[in-house]
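S.K.: Handing you this structure, nothing more for now.
The values are calculated or read from the model by the stated rules, or taken from the named source; none is laboratory data. Just so it is clear, the model here is predicted, and its values are computed rather than measured. Glycine also receives a Cβ, built like all others from the backbone with ideal geometry; neighbour counts cover every protein chain displayed. Quick note on the areas: whole protein, heavy atoms, side chains included, nothing else; ligands and nucleic acids left out. Shrake-Rupley method; radii C 1.70, N 1.55, O 1.52, S 1.80 Å.
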Amino acid sequence: MLETIVKNLEKFPLSRTQPEDHQSLLSAAVLVALIDNGEVPEIILTQRAHHLNSHAGEVAFPGGMWDAEDTDLLQTALREAKEEIDLDPAVVDVIATLPSATPRRRNLRVTPFVGLLADSPALVGDPSEIGSIFTVPIDYFLDIDRYSYIDLAHQGELISFPCLRYRDGQDREYQIWGFTLRVITDMLNETLGAKLDLNYPSHQQIQLLRNR
């Protein structure tokens, strides 16, 4: 499976770009880290700390905001992964740059980078940012019957987002949705022909949420 993913990621070559000056304060990068665990790779995800003022408790990739001292957005992703979960950049083989996108309710431009790890590293989350770190086997995302929808309310209108619930080995349940889920499912559609046809809100609905 991982071999097929890597082969088909060749259509998204690695790009070490910088944000344009007028976008630098609204640019971020994340690391889509895949662990080679044999037959089925696993993806590293985090749960944001519950005490944070924004997006508390939500599932995310390791990553964060561009810093003026970063040489490019790839360094942003690797630096933030080191700061958030103590992932050593030296053990990550970065192979692809996925299309950048704008998450819900955030006027940011986020660039995802795909990196490979030869085995499972010992990770430690920064408690000021990270509530927990967990991994999910890639094939868990391939079963369309596992997906459901969650609703956000705006002025009496419910806006639905695809969601995947995952329970780890310590019986902790996570809701994977939004930008994080879309990056993963888009990648699997492109590399494995997963045909995960999910119903996402319209651009207009997303704009309403950003203005909340």
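S.K.: Out of (1) more than 12 Å from Thr111 (Cβ to Cβ); (2) open to solvent by less than 70 Å² (accessible area, probe 1.4 Å); (3) modelled with pLDDT of 95 or more; (4) not in a helix (DSSP H, G or I), the odd one out for Leu78 is which?
M.R.: Of (1) more than 12 Å from Thr111 (Cβ to Cβ); (2) open to solvent by less than 70 Å² (accessible area, probe 1.4 Å); (3) modelled with pLDDT of 95 or more; (4) not in a helix (DSSP H, G or I), only one is false for Leu78: (4).
S.K.: Could you tell me which residue of the range 95-108 is modelled with the lowest pLDDT, considering only residues that are more than 13 Å from the chain's Cα centre (by Cα) and either open to solvent by 50 Å² or more (accessible area, probe 1.4 Å) or among the polar types (S, T, N, Q) (or both)?
M.R.: Arg105
Results for (1) modelled with pLDDT under 95; (2) surrounded by fewer than 16 Cβ atoms within 10 Å (Cβ to Cβ), shown as yes or no for each residue.
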position: Pro112; (1), (2): no, no
position: Leu123; (1), (2): no, no
position: Val136; (1), (2): no, no
position: Tyr140; (1), (2): no, yes
position: Ile150; (1), (2): yes, yes
position: Cys163; (1), (2): no, no
position: Asp171; (1), (2): yes, yes
position: Gln175; (1), (2): no, no
position: Gly178; (1), (2): yes, no
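S.K.: Yes or no: Ile138 β-branched (Val, Ile, Thr), more than 22 Å from Met65 (Cα to Cα) and free of Cβ contacts under 8 Å to residues at least 60 places away in the same chain? Lay out the reasoning, then the answer.
M.R.: Values: β-branched (Val, Ile, Thr): yes; more than 22 Å from Met65 (Cα to Cα): yes; free of Cβ contacts under 8 Å to residues at least 60 places away in the same chain: no.
Against the criterion (β-branched (Val, Ile, Thr), more than 22 Å from Met65 (Cα to Cα) and free of Cβ contacts under 8 Å to residues at least 60 places away in the same chain), Ile138 does not qualify.
S.K.: Here are the criteria: (1) open to solvent by less than 60 Å² (accessible area, probe 1.4 Å); (2) in a helix (DSSP H, G or I); (3) not aliphatic (A, V, I, L, M). Tell me which single one Asp145 does not satisfy.
M.R.: Result: Asp145 fails condition (1) only.
S.K.: I'm trying to understand the selection: among the residues of the range 1-46, which are surrounded by 13 or more Cβ atoms within 10 Å (Cβ to Cβ), among the acidic types (Asp, Glu) and not in a loop (DSSP other than H, G, I, E, B)?
M.R.: Result: Glu42, single match.
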